[in-house]
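Working notes, structure below.
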Amino acid sequence: MSILNADKFYLSNEVKDKVELRLKKWDDENIAKRIWQLDPTVWKENPAEQKELADRLGWLDLAISMKNKAKELEAFAEEIKTEFDDVVLLGMGGSSLAPEVFSKTFGSKTGYPRLTILDSTHPLSVRRILESYNLSKTLFVVSSKSGGTIETMSFFYTFFDAVKAINQKPGSQFIALTDPGSGLEKLAKDNGFRKIFSAPPQVGGRFSALTYFGMVPAALIGVDVAAFLAQAEAMTESSSNQSKPSESPAYYLGALLGELALTGVDKLTFFASPKISSFPAWAEQLVAESTGKDDKGILPVADEEFFGTEYYGKDRVIVYLKLEGDDNGKNDASVKQLIDAGFPVIEISLKDKYSLAQEFYRWEAATALCGVVLSINPFNQPNVQLAKSLAGESLAAYKATGSLPKQEPVITEGGAELYSKTDAKNIKDALSNFLAQAKPGDYAAINGFIPMTAENEEVLQKLRSGIVKKYKIATTIGYGPRFLHSTGQLHKGDANKGLFIVISSEPGNDLEVPGQGYSFGTLIKAQVQGDLNALINRSRRTIHIHIKGNVAEELAKLI
């Protein structure tokens, strides 16, 4: 097929043979037709899991079904751009990551409002919008499938309260993206929201890019939704019930990634052209949360600097998303080194930014198909709830007693504290000793419950680069609480290959959540405790560093 022929695969003969055998098996089993018939036995024979599987396949024909909504979205965007300068999306995980790709990739078309994604409960992140945006000219998009996500609802209470002080009809500045019958739908009706968009409940959050959850924010910044969906439809057709898996780009990718993971090649390392560099962060949630369970998992690695093939282990598979006409020189040179060194490399060419629509669909389908190879349910997230529940326990303790469960630091050094057992005399040595446990096939995950600033990002990238150079293992960076709704599932559900560096900070200039009995500072501290306790509960190797002073300065000392 023309779509498949645009891709390049640099694979060993052994890997090619395994993929071809898998695809032939799928051809013989009519797997494409069965998936479109919503047959859960493609994944699991266990009757207890079959209903959930069958109820999570609504993404299959979204590109086709959403075409009828394009004019509605275009008209709504025209209405909004005459009234508002800014759109702020309040969401988490699958509700926020696709809109972030649209914002960073396309920007706002002339005359359309600026789009900002708020998915951090750090009080400084919330205050930045409260204090620097013209709230009277801001539309708030409350985005949640269930309407019960504590982070999203805390954002809503805060901004609705602020808008109420300047607008007698505050609901006119709010819209909801949610499932029909959800708690958010009721809240939106009760508070006179401007509009409610109901997405299909048969689509999980991380598979929702082509639903209203992705398409409404895209339309609001001037993306041509009809043209975008037309691109996605082309990839849909190549994976339809009439297709042969052996001729489908999505089936080929799913079979390949699954077969590689079975042999321990499970670090999915992304290179992407600068103009589409935000896409891997969306794919990170999709792949990690879908595959990281039952002591299995594929770890997506995004935005990790490349220093040479000698720093990569045999657990790496490379995906190069190459946009034609972009500044690809550096990536071309790096990927060529990896090809020459014999690493499995997948090069996907995109003609323009709108070609990302094909990739949204391809990666959703491929990830679901990975689940077939790995014998897992790709649509559930059994370990995400553990961290949520434990964070909820800490927050409940705060409401009952006025304080969170107490922890005592093991080492206090300047503006930093260490909360993990160690024989070391200082935090720097403790961190080195912790990382010295790394062995081939492991990875280091830096989980920062800190503000998402350029300064903090720079120092975290320096830390991960140092880890790559010294220990030659894959690294990731996640910001809390957003990663709890994505890679957090893999952290607790995979084969215990991670070394987790949890970094928290004093919230400072805290902010109360109106009427809820807690502040954003308290909430994020409870989420730190919940994540740590969940990691420990799952016997994960974990170190916790708490910063009392300037985050970037104190972390720089450790590096």
Diffing segment 82-96: the Karplus 3J(HN,Hα) column from phi (6.51, -1.76, 1.60, θ = phi - 60°), in whole Hz with x for Gly and Pro, holds 7, 10, 10, 9, 9, 10, 10, 8, 9, x, 9, x, x, 7, 10
Net charge around SER519, counting only other residues with Cβ within less than 10 Å of its Cβ (Lys, Arg = +1; Asp, Glu = -1)?
-1
Let me check I've understood the local charge: for GLN437, count other residues with C-beta under 12 angstrom from its C-beta, Lys and Arg +1, Asp and Glu -1. What total comes out?
+3
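From the cross-link list LYS322/LYS497; LYS81/LYS137; LYS81/LYS195; LYS472/LYS548; LYS469/LYS548; LYS472/LYS497, which pairs have alpha carbons spaced over 19 Å apart?
Numbers: LYS322/LYS497 30 Å; LYS81/LYS137 10 Å; LYS81/LYS195 15 Å; LYS472/LYS548 30 Å; LYS469/LYS548 28 Å; LYS472/LYS497 14 Å.
From the list (LYS322/LYS497; LYS81/LYS137; LYS81/LYS195; LYS472/LYS548; LYS469/LYS548; LYS472/LYS497), the Cα-Cα distance tops 19 Å for LYS322/LYS497; LYS472/LYS548; LYS469/LYS548.
Given Cβ point charges of +1 (Lys, Arg) and -1 (Asp, Glu) and nothing else, what value in debye, to the nearest 20, does the dipole of the chain about its Cα centre take? List each step's numbers first, then the result.
Numbers: 63 positive and 69 negative charges, 112 e Å.
Charge dipole of the chain: 540 debye, to the nearest 20.
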If you compute Cα extents along the principal axes in Å for the structure shown, which of (i) 86, 48, 45; (ii) 89, 75, 55; (iii) 62, 60, 50 do you land on?
(iii)
Reach of LYS25 by Cα under 18 Å, taken over lysines that are not fewer than 8 positions away in the same chain
LYS16, LYS33, LYS44, LYS244
Among VAL551, LEU523, ASN537 - extreme Cα towards positive end, dipole of segment 508-559, charges at beta-carbon
ASN537
How much length would be gained if the chain were fully extended between GLU455 and ASP27, taking 0.36 nm per residue of separation minus their Cα-Cα distance, in nm to one decimal?
149.0 nm
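Under the rule of -39500 (n - 2.57) per DSSP H run of 4 or more residues, summed and divided by the residues of the chain, what mean residue ellipticity at 222 nm is obtained, to the nearest 500 deg cm²/dmol? Walk me through the numbers before you get to the answer.
On the way: 22 runs with 252 residues, N = 559.
That calculation yields -14000 deg cm²/dmol at 222 nm.
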Provide the packing ranking of 247-253, 394-400, 90-96, i.e. peptides ordered by the mean count of other C-beta atoms within 10 Å per residue, highest first.
90-96, 247-253, 394-400
Among residues other than ILE545 whose Cβ falls under 14 Å from its Cβ, what is the net charge (Lys/Arg +1, Asp/Glu -1)?
-3
Given the options TYR320, PHE360, THR121, identify the residue whose Cα lies farthest towards the positive end of the charge dipole of the chain (+1 on Cβ of Lys, Arg; -1 on Cβ of Asp, Glu).
THR121
Name the residues whose placed amide hydrogens come within less than 5 Å of the amide hydrogen of ALA474, ignoring near sequence neighbours (fewer than 5 apart) on the same chain.
ALA444
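Could the peptides 15-22, 148-155, 270-277, 40-47 be put in order, highest first, of the mean number of other beta-carbon atoms found within 10 Å of their residues?
Details: 15-22: 17.1, 148-155: 22.1, 270-277: 19.6, 40-47: 15.5.
Descending mean neighbour count gives 148-155, 270-277, 15-22, 40-47.
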Residues whose placed amide H lies under 5 Å from that of SER519, excluding near-sequence neighbours
VAL513
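Rule-based calculations on the coordinates, nothing more; no lab input. Being a predicted model, the structure only gives us computed values, none of them experimental. Note that we place each Cβ from the backbone using ideal geometry, even for glycine, and neighbour counts take in every protein chain shown.
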